[in-house]
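Structure, as structure tokens:
The values are calculated or read from the model by the stated rules, or taken from the named source; none is laboratory data. Please read all numbers here as calculations on a predicted model, not as lab measurements. Reconstructed Cβ throughout: ideal geometry from the backbone, glycine too, with neighbour counts over all protein chains shown.
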Amino acid sequence: MLVPWSTIDRMFAPRRAPFGRAFDGFFPVFDKAATSTASSSGLEETEDAFIFSADLPGLSSDQLRVTFEGDLLTVSGERHFDAPEGYSPTRRERRHEGFERRLRFRTPVVAKDATADFTDGVLTIVIPKAEDAKPLTIQVT
């Protein structure tokens, strides 16, 4: 039997109430962000670029939005479930939901040269580093 996270969250809410929000995020099972559409994401750094990837199953590229403002990359989107006419669910755990991931870069990057690819439910964004941020080898003579 599947039990929605919201049901489990309600079961433990009275036990957490005395502590307020002190432990939010400590137990990912109860963290609302842990159950968002963007199930997992990662950032890799190479010598020349940063590579951000996110698993976004069930989404299409037109449901995604990628923006770069200053040193902040924002990936957002919304999942829609369109039910066929006459659809009457016995139980529904799927819902319209949005997500947003933000990454701030402390290393200078060239946002205008960034590329994004969305294939098989995986979003990959390559953000090149600025020339000043790349390692420099100095020839010793």
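Odds and ends about this structure:
- Of the set (1) of a type in the set (Ser, Thr, Tyr); (2) farther than 22 Å from LEU59 by Cα; (3) in contact with a Phe, Trp or Tyr (Cβ under 9 Å, 6 or more places away or on another chain), all apply to SER76 but (2).
- Single residue of the range 16-74 satisfying the filter (modelled with pLDDT under 85 and in contact with a helix residue (DSSP H, G or I) (Cβ under 6 Å, 6 or more places away or on another chain)) that is farthest from PRO108 (Cα to Cα): PHE30
- Every residue from the range 94-141 that is of a type outside the set (Lys, Arg), part of a loop (DSSP other than H, G, I, E, B), out of contact with any Phe, Trp or Tyr (no Cβ under 8 Å at 6 or more places or on another chain) and surrounded by 11 or more Cβ atoms within 10 Å (Cβ to Cβ): PRO108, VAL110, GLY121, ALA130
- Residue in the range 39-67 that is farthest from the chain's Cα centre (by Cα), counting only those that are assigned to a loop (DSSP other than H, G, I, E, B) and crowded, with 16+ Cβ neighbours inside 10 Å: LEU59
- Hey, GLU131 touching a residue at least 40 places away in the same chain (Cβ under 8 Å) and of a type in the set (D, E, K, R) or not: no
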